[in-house]
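Written out below as structure tokens is the structure these notes cover.
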Amino acid sequence: MRALLPLLLGLAGLAPAAAQEGCPPSGDAVLARLNALRAQPQACGERVWPAVAGLRPSPVLTESARRYARELAARDRIDHVGAGGTSLRTRLREAGYLMRSAGENLAGGPETLDEAMAQWLASPAHCENLMAPDFQEFGLACVPGPGKLQRYWVLHLATPAKAAQPPARSSPDQSP
């Protein structure tokens, strides 16, 4: 918790700017905050994760996160299992994202990105998703809803599947 305190204080210092962003925050602000977080070692429960490479935004992951945030708002609940029993893997496949690995962070209620990130950092599993070195891309959505939680945050983190390698060609000077 001691290692988390400076980050939380730093995030609190950003609160006025974040409050102006609303739900959802601007893409540049999300990219900057996520990558600043990943650039510093983080204590996620008992484990300290080293600094890792930054993420790049993915329009497909952003749309997938937006669709799921809308579903959560309509259901007025936070759950990693979607309507009809859908999983994160299914949601990403339906969005057209071919993944090698993926993670999903959800939050209900935070008014700002900083508040959502503080909740995720306080949860070892969500913190580990934020710091997982194999994740390369992200998409974030925040959707207001009429229910008790009022705001529904979905962060999709993933690594795309590698493109299929073309078959090796024989060079012109090789005989069959």
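The values are calculated or read from the model by the stated rules, or taken from the named source; none is laboratory data. Quick caveat: nothing in here was measured; it's all calculated off a predicted structure. Here the Cβ is made from the backbone with ideal geometry for all residues, glycine too, and neighbour counts use every protein chain on show. Remember, those area values only see protein heavy atoms, side chains included, never the ligands or the DNA or RNA. Shrake-Rupley method; radii C 1.70, N 1.55, O 1.52, S 1.80 Å.
The set of residues from segment 56-94 being out of contact with any helix residue (DSSP H, G or I) (no Cβ under 7 Å at 6 or more places or on another chain) and among the polar types (S, T, N, Q) comprises Ser58, Thr62, Thr86, Ser87, Thr90. Looking across segment 75-90 at every residue that is more than 18 Å from Pro144 (Cβ to Cβ) and in a helix (DSSP H, G or I), the one that is nearest to the chain's Cα centre (by Cα) is identified as Leu88. For segment 100-126, a tally of residues being surrounded by fewer than 17 Cβ atoms within 10 Å (Cβ to Cβ) and closer than 14 Å to Leu157 by Cα returns 3. The set of residues from segment 55-93 being under 20 Å from Ala32 (Cα atoms) and loosely packed, with under 15 Cβ neighbours inside 10 Å comprises Arg56, Pro59.
Considering segment 94-118, and only residues there that are within 13 Å of the chain's Cα centre (by Cα) and part of a helix (DSSP H, G or I), the residue that is nearest to Val30 (Cα to Cα) turns out to be Leu113. Within the option set Ala118, Ala122, Ala161, being aliphatic (A, V, I, L, M) and either without any contact (Cβ under 8 Å) to a residue 12 or more places away in the chain or touching a strand residue (DSSP E or B) at 6+ places or on another chain (Cβ under 7 Å) (or both) holds for one residue only, Ala161.
The rows are residues; the columns are (1) at pLDDT 95 or above; (2) under 25 Å from Gln136 (Cα atoms); (3) open to solvent by less than 30 Å² (accessible area, probe 1.4 Å).
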site	(1), (2), (3)
Arg2	no, no, no
Leu9	no, no, no
Ala12	no, no, no
Ala15	no, no, no
Ala18	no, yes, yes
Pro24	no, yes, no
Ala36	yes, yes, no
Trp49	yes, yes, yes
Ala53	yes, yes, no
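Here Ala65, Ala74 are screened, and the one residue that is more than 16 Å from Phe135 (Cβ to Cβ) and aliphatic (A, V, I, L, M) is Ala74.
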